[in-house]
Amino acid sequence: VFSKIFSHEALESYLPKIQLVIKDTLRAWSSNPESINVYHEAQKLTFRMAIRVLLGFRIPDEELGRLFEVYQQFVENVFSLPVDLPFSGYRRGIRARETLQKGLEKAIQEKLQNTQGKDYADALDILIESGKEHGKELTMQELKDGTLELIFAAYATTASASTSLIMQLLKHPRVLEKLREELRSKGILHNGCICEGSLRLDNISSLHYLDCVIKEVLRLFTPISGGYRTVLQTFELDGFQIPKGWSVMYSIRDTHDTAPVFKDVDVFDPERFEQGRSEDKDGRFHYLPFGGGVRTCLGKHLAKLFLKALAIELASTSRFELATRTFPKITLVPVVHPVDGLKVKFFGLDSNQNEILAGTDAMLGATV
């Protein structure tokens, strides 16, 4: 059922809504006279995308802001020790989850009652219809659990990758300019503006350099460190016997750091994924930001589409610069993110600045 939510047809229908959420967010960032904390704002962005696009909830902005704060408290306590005492992280997490469930139930009921004005099937629509197709009407509890899982899946890792993307575009202005060149060559960017109707799923899929940039961000800054599996059958690995029933963890980050196919592993180099080199094609499991095998991440295509749409908007309609003297250090927990959240100042673009972005990288040299 969940695989239908991330099908090609579903992604095509989500894309215009994703663009709208990103445009509105970048406009808000640019109108802020102060610098923004990119990681915190990226969390708000991915939360809003999950609520508005994936679930189709029409929650007012003020209520959405309150729900975001509750959701953050829930996420912060997900990995707390299961000790149910007053003031414990576990108790705070449980209370936040209960509050979330109430808010989600209200939004689901309103959605079920108001089906007018819909121009696309969102993930929750697909979930409900798939249940009916299989002869099983989903209960309200199942719907609440499903929506909470979708929000959780779309939230932290995508916010992490979005922040890493912005930081790398700041660090490597030539990469940003090369992105602009590709957008111009494909007829997507003209005179500093995105051509109307040019952003379709097939057009975005044809942007090979953009794909390389996103791949490299996910290689160097994979949001999560790895995944857990249970051994179904005793096996041997490099002379060591791994017994049935054991829990094992595979490390995505260590795999990317030690895989022999990658040259200069610490260097941000999108060209490593271009056809002439294709460093990710030599072997099955050297590159696995979304895991691998039958348990690979179901939402990987949506995540990459979101990151590509964000990169296109950043390259086309935004000017931004680092608001601190140096780039912040990176911490790996709970997901990869800059220690101070990455302070960046965004600027609105007038027509003259659009022309500069359209024809020269002079501004880029002064940005960082």
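The values are calculated or read from the model by the stated rules, or taken from the named source; none is laboratory data. No experiment lies behind these values; they were computed from the predicted model shown. When we count neighbours, we look across all protein chains shown, and the Cβ atoms used for this are built from the backbone with ideal geometry, even at glycine. What goes into the accessible areas is simple: the full protein's heavy atoms, side chains included, and nothing from ligands, DNA or RNA. Shrake-Rupley method; radii C 1.70, N 1.55, O 1.52, S 1.80 Å.
Take the residues in the range 115-150 that are within 11 Å of G56 (Cα to Cα) and assigned to a loop (DSSP other than H, G, I, E, B); name whichever of them is most open to solvent (accessible area, probe 1.4 Å).
Per the criteria, the residue is D119.
Out of the residues in the range 338-351 that are more than 16 Å from L169 (Cβ to Cβ) and within 21 Å of the chain's Cα centre (by Cα), which is surrounded by the most Cβ atoms within 10 Å (Cβ to Cβ)?
Top of the filtered list is G341.
Quick check, is E279 out of contact with any helix residue (DSSP H, G or I) (no Cβ under 6 Å at 6 or more places or on another chain) and not polar (S, T, N, Q)?
No: the conditions fail for E279.
Considering only the range 151-255, give the strands (runs of 3 or more DSSP E) lying wholly within it that have at least 3 residues that are in contact with a Gly (Cβ under 6 Å, 6 or more places away or on another chain).
The qualifying strands (runs of 3 or more DSSP E) are 247-251.
Being surrounded by 14 or more Cβ atoms within 10 Å (Cβ to Cβ) and not in a helix (DSSP H, G or I) is true for just one of F285, F306, F320. Which residue is that?
F320
Quick check on L170: is it in contact with a Leu (Cβ under 6 Å, 6 or more places away or on another chain) and either at pLDDT 95 or above or open to solvent by 40 Å² or more (accessible area, probe 1.4 Å) (or both)? Quick ask: steps written out before the conclusion?
Details: in contact with a Leu (Cβ under 6 Å, 6 or more places away or on another chain): yes; either at pLDDT 95 or above or open to solvent by 40 Å² or more (accessible area, probe 1.4 Å) (or both): yes.
In short, yes.
Conditions first: (1) exposed (fewer than 15 other Cβ atoms within 10 Å of the Cβ); (2) of a type in the set (D, E, K, R); (3) modelled with pLDDT under 95. D280 passes all but one, so which condition is the exception?
So the condition that D280 fails would be (1).
Of the residues R295, R284, R277, R272, which single one is in contact with an Asp or Glu (Cβ under 6 Å, 6 or more places away or on another chain) and not acidic (D, E)?
Every option except R272 fails the conditions.
For the range 177-199, enumerate the residues that are under 30 Å from L332 (Cβ atoms) and open to solvent by less than 10 Å² (accessible area, probe 1.4 Å).
Selection gives L179 alone.
Given the residues N77, N32, which is the only one that is more than 23 Å from T157 (Cβ to Cβ), open to solvent by less than 60 Å² (accessible area, probe 1.4 Å) and over 17 Å from the mean Cα position of the chain (by Cα)? Give the steps one after another, and end with the answer.
Working: N77 fails: more than 23 Å from T157 (Cβ to Cβ).
The unique qualifying residue is N32.
Which of the numbered conditions does Q113 fail, given that it passes all the others? Conditions: (1) touching a residue at least 24 places away in the same chain (Cβ under 8 Å); (2) closer than 21 Å to L143 by Cα; (3) more than 20 Å from the chain's Cα centre (by Cα).
Looking at each condition in turn, Q113 falls short on (1).
Among the residues of the range 155-190, write down those that are aliphatic (A, V, I, L, M), over 16 Å from E321 (Cβ atoms) and more than 15 Å from the chain's Cα centre (by Cα).
Within the range 155-190, L179, L183, I188, L189 qualify.
I need the full set of residues from the range 223-242 which are aliphatic (A, V, I, L, M) and under 30 Å from I330 (Cα atoms), in order please.
The answer is I224, and nothing else.
Here is a check on your reading of the model: is T326 modelled with pLDDT of 85 or more, open to solvent by 40 Å² or more (accessible area, probe 1.4 Å), farther than 30 Å from R229 by Cα and β-branched (V, I, T)?
Here the answer is yes, as T326 does meet what is asked.
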